1. Among what's in region 139-160 and is assigned to a strand (DSSP E or B) and open to solvent by 30 Å² or more (accessible area, probe 1.4 Å), pick the residue that is nearest to G30 (Cα to Cα).
2. Within region 82-108, count every residue that is open to solvent by 60 Å² or more (accessible area, probe 1.4 Å), assigned to a helix (DSSP H, G or I) and in contact (Cβ under 8 Å) with a residue 24 or more places away in the chain.
3. Residue by residue through region 450-471, note down the ones that are touching a Phe, Trp or Tyr at 6+ places or on another chain (Cβ under 7 Å), at pLDDT 95 or above and small (G, A, S).
4. Just one of Q185, Q129 is at pLDDT 95 or above and over 14 Å from the mean Cα position of the chain (by Cα); which is it?
5. Across region 201-217, what is the total count of residues that are open to solvent by 10 Å² or more (accessible area, probe 1.4 Å) and either of a type in the set (G, A, S) or closer than 15 Å to I58 by Cα (or both)?
6. Give region 198-224 a look and list any residue that's touching a residue at least 40 places away in the same chain (Cβ under 8 Å), closer than 20 Å to S32 by Cα and part of a loop (DSSP other than H, G, I, E, B), or say none.
7. Across region 164-197, what is the number of residues that are open to solvent by 10 Å² or more (accessible area, probe 1.4 Å), in a strand (DSSP E or B) and farther than 21 Å from K239 by Cβ?
Amino acid sequence: MMVFFVRKTVFTFFITLFLFFNIKLANAGGVSPYLPLKTDPLIELEIERLASISHMPILSKPYHIVTIVNYLNKIKDSHPQLYNRVFAYIKRYKKQSAITHLSTTLSTSNNKNLTIVNNRGIALDDTTQASASGFYQFNQYAIANIGGTIVNGEKAIPHNSYFSFGYEYAQFDIGYREHWLSPLQESSSLLSTNAKPALSITMSNIKPITSWNAKYEFSLGQLEEMDGISYNGSKSSGKPLLMTMHLSVQPFTWWTIGANRTFEFGGGARSTGLSDIWKAIIDPVNSDNCGSGLTDCENSDEEVGNQIASLTNKFDLSFQGLPFTLYVEYAGEDTKGHNNTQLGNIGETYGLFVPYVNKDLSLYVEHSKFQNAWYVHHIYEEGYRNDTIVMGHWWGNNQELKDGSPASSSLIRLNWDFSPNYHLQTILRTAAIDSSEENKYSRNKELELTLNQIYKTGFINYSLIAGHDIYGKSFYRATIGYSW
């Protein structure tokens with residue numbers, strides 16, 4: 001049933017593709033490339049500054065180029081330096097085809113057991129990394145994007161490789177297109193770049209809908225092979241599907257609010273039909289927690305899968321002429337009291353972004369607290385992961401496979417243009433897992449320093465990561481690289 005469902009979905013999209021290229025779309029805008037996501041920290045900082053100052057109503061990433069262009073003119077007079085930097089960067093996308101990113105790094109480390117935060121599952125001890133991305137635009141309504149990362153000369157992660165077609169109210173992306181379901185800059189409870197992206201089909205709108213700037217995004221992807229999928233008293237291996245849903249609106253120019261949902265289902269011996277999926281969407285209580293005596297289903301074989309949901313907020317404000325943005329993410333791994341309208345097992349994250357403390361310095365602060373059972377699940381032994389890496393918040397990198405203990409994390413990031421040719425980024429991360437076993441874990445502490453030096457048309461990048469993991473063991477990683 002699962003194979004049939006996947007084939008039917010893919011077949012439907014390709015029929016849509018065929019029909020699309022044979023129908024003339026009168027007076028409709030075309031598709032748009034995306035800006036990089038956790039690939040180029042310098043330009044991504046500038047984009048976040050733009051999003052904050054211009055009150056850009058976007059709560060998911062990556063950002064469409066068209067959206068950036070539309071809001072860039074709002075800061076042309078008030079922030080000319082920011083305008084010029086972003087405008088110069090997006091010139092590379094104003095061609096029929098272009099290479100938009102190139103980078104290479106060489107690293108050394110003393111630890112084999114840690115994963116780098118938000119870096120698609122790449123390990124601390126991976127020594128070489130090369131990435132590239134580019135595109136070819138066939139016409140206004142179709143773009144081929146090619147990109148990815150090669151690790152240690154052998155492992156390929158094909159992020160940024162997908163085909164886009166459609167128009168301004170319905171852009172379809174087929175391939176390894178990434179999803180970040182949060183306005184937060186350094187984490188996302190539901191879906192981030194912490195793990196490698198799934199092969200997926202995505203539909204979203206480029207042009208906001210109505211005066212409330214409504215934006216939607218829907219995707220269906222297939223995860224990597226996973227062991228330990230429970231069904232009918234036994235366990236099997238397979239590739240679960242991952243469905244994502246996003247909707248946001250901007251009721252006021254200073255406030256954007258959104259809702260997100262992810263749904264991991266199927267895989268191995270578990271069969272799932274369209275009616276099961278629809279029931280799980282509209283009635284999650286009676287499609288989960290079976291056997292509790294409070295639901296219609298009797299055992300886990302009747303459960304459809306693993307769902308997580310969140311409400312996100314972005315407040316673009318100012319105080320005495322100083323702009324700043326507040327982020328609030330309220331997520332639930334479960335429902336509360338078996339009620340479809342209430343989230344349970346809460347994960348809360350609060351963020352503050354000051355794009356310009358002064359003309360050279362920006363500040364970003366984030367704090368998260370999670371109740372129990374996050375990223376673990378009784379059906380999926382590997383939990384909410386892709387290729388064994390947690391797909392949501394980076395604190396999950398510290399979590400043991402079946403440990404559903406509560407956790408908390410904090411982060412502070414400073415960005416400093418201390419000269420025309422040098423930029424320093426400092427990130428301090430800390431995370432704690434509150435196990436019921438006394439003294440099982442210590443607090444993870446991590447300091448990351450990155451120095452970017454302008455060299456010709458690109459940057460030489462020097463980076464050092466050092467700290468202690470949850471077992472009190474020290475680690476470090478030193479990196480040198482070049483990016484364009």
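1. N139
2. Residues that pass the stated criteria total 1.
3. A466, G467
4. Matching residue, one of Q185, Q129: Q129.
5. Within region 201-217, residues that are open to solvent by 10 Å² or more (accessible area, probe 1.4 Å) and either of a type in the set (G, A, S) or closer than 15 Å to I58 by Cα (or both) number 11.
6. I206, K207, P208, N213 - these are the residues of region 198-224 that are touching a residue at least 40 places away in the same chain (Cβ under 8 Å), closer than 20 Å to S32 by Cα and part of a loop (DSSP other than H, G, I, E, B).
7. 3
To keep it simple, each residue is scored yes or no on (1) modelled with pLDDT of 85 or more; (2) over 24 Å from P197 (Cβ atoms); (3) among the hydroxyl-bearing types (S, T, Y).
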| position | (1), (2), (3) |
| --- | --- |
| T253 | yes, yes, yes |
| T256 | yes, yes, yes |
| T262 | yes, no, yes |
| G266 | yes, no, no |
| T272 | no, no, yes |
| I282 | no, yes, no |
| S292 | no, yes, yes |
| D296 | no, yes, no |
| E302 | no, yes, no |
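The values are calculated or read from the model by the stated rules, or taken from the named source; none is laboratory data. Quantities reported herein were computed from a predicted structural model and do not represent experimental measurements. Glycine gets a Cβ as well: all are built from the backbone with ideal geometry, and neighbour counts include every protein chain shown. Just so you know, the surface numbers come from the protein's heavy atoms only, side chains and all, with ligands and any DNA or RNA stripped out. Shrake-Rupley method; radii C 1.70, N 1.55, O 1.52, S 1.80 Å.
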